[in-house]
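The values are calculated or read from the model by the stated rules, or taken from the named source; none is laboratory data. In this text, all values refer to a predicted model and were calculated from it rather than measured experimentally. Positions of Cβ are backbone-derived with ideal geometry, glycine not excepted, and every protein chain shown enters the neighbour counts. The accessibility values were calculated without ligands, DNA or RNA, using every heavy atom of the protein model including side chains. Shrake-Rupley method; radii C 1.70, N 1.55, O 1.52, S 1.80 Å.
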Amino acid sequence: MIHLAREWLSRVRAFGEEVHGILSWCEASPSRVLSLDKTRRQLQLLSPHQSELFEEALSCIEHGLHRAAHVMAWAGFIDFFQRKLVSTGMDRVIRLRPDWARYRSIEELREHVSDFELIRTGAEMGLVSRNEMKTLHGLLSIRNECAHPSSYSPALNESLGYVAQLLKRLDQLTQRTL
């Protein structure tokens with residue numbers, strides 16, 4: 001009897017996975033979210049903190065919290081960007097922005113320097129191109145619309161695309177040095 005129940009449960013699970021696999025091809029289907037395995041594998045390349053932030057973004061998407069997903073994904077991205085900037089060229093950062101020398105840690109830098117300025121500094125240092133800087137500023141603008149009162153209300157596709165864009169940028173940044 002227990003053997004039959006286990007077999008039945010196994011078939012039900014297999015059926016559910018098959019249904020989600022089929023529905024994941026439908027553009028607006030919440031089943032698309034269930035196929036985020038590839039995205040989650042990308043997170044393994046990040047620091048534990050960054051991975052956690054992106055994982056929270058994916059959880060937000062799974063629960064239909066799309067504005068929050070944008071905010072959390074940006075937090076994971078900008079943490080990576082800030083650390084990359086500081087670790088590969090803090091001396092150059094200080095030469096470009098002498099008034100930033102007063103910040104003794106990355107946390108102080110985050111408190112006093114906007115993400116917009118950090119991205120611009122990264123472009124001036126050659127970490128990102130001018131076009132990439134413009135794209136990152138645009139992604140930051142979208143994040144700001146989600147984090148502050150606005151009429152912007154992203155849907156599933158926008159959230160999945162936003163996370164995918166940020167992860168692609170992270171992948172490109174991983175291979176760069178200053």
- [ ] Within region 74-92, identify whether any single residue is outside any helix (DSSP H, G or I) and at pLDDT 90 or above, and answer yes or no.
- [x] no
TODO: Name every residue in region 102-128 that is at pLDDT 95 or above, open to solvent by 30 Å² or more (accessible area, probe 1.4 Å) and within 21 Å of Thr177 (Cα to Cα), in order of residue number.
DONE: Asp115, Phe116, Glu117, Arg120
Task: Selected residue (criterion: least open to solvent (accessible area, probe 1.4 Å)) from residues of region 86-101 that are touching a residue at least 60 places away in the same chain (Cβ under 8 Å) and touching a helix residue (DSSP H, G or I) at 6+ places or on another chain (Cβ under 8 Å) - done: Gly89
Open item on the list: Of the conditions (1) touching a residue at least 24 places away in the same chain (Cβ under 8 Å); (2) not in a helix (DSSP H, G or I), Ser159 satisfies every one except a single condition; which number is it?
Closed with: (2)
